[in-house]
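Data first, discussion second: the structure below is written as structure tokens.
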Amino acid sequence: MARVTTAFRCVAIVLLLAAVIMPPSASASGSPRLCNQTNEVVHVAIAWWGADRPGLHSKGWFKFTPGECAQIFPTDSYDSHRYYYAESQTGVWKGNAGDFCVHPTQRFEMADAYETCPAPYERRGFRVFSDDGVNLTL
């Protein structure tokens, strides 16, 4: 009986050490994922307030194939200040969290994306990106 109790204690200690030593999961690391749960290709633009680079930045277009998931925000983005806008052939995911600059047809990255958008940039209404991640569905 003493051997069984000692074995259980050893297993418990190993599990406790593994929990302490193991790195946090991706969702707990501050960079939640966006998942395309549609049957269409979705193009995504993001905006964020950065810690390392002052101001609001926008970047796009990230191409998500059906079923694809990815972490798309930089590590210096603040959790509660992440936004997204997305389009597919038949759907648009827009919101009223802020109108930020995007290039309508080409890949882009822009600082100060909340101020005046220089041509050919346009303003789009972004949604708040959930701390738990976002699942795009039609």
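Quick notes
- Per the Debye formula on identical point scatterers at the alpha carbon atoms of segment 30-136, with no solvent, log10 I(q)/I(0) at q = 0.22 Å⁻¹ is -1.22.
- Packing-based exposure ordering (other Cβ within 10 Å, fewest first) of 83, 121: 121, 83
- Here the extension length gained between residue 39 and residue 51 equals 0.8 nm, from 0.36 nm per residue of separation less the Cα-Cα distance.
We did not get these values from a lab; they are worked out from the coordinates using the rules stated. Quantities reported herein were computed from a predicted structural model and do not represent experimental measurements. Neighbour counts are summed over all protein chains in view; Cβ atoms, including those assigned to glycine, are modelled from backbone coordinates with ideal geometry.
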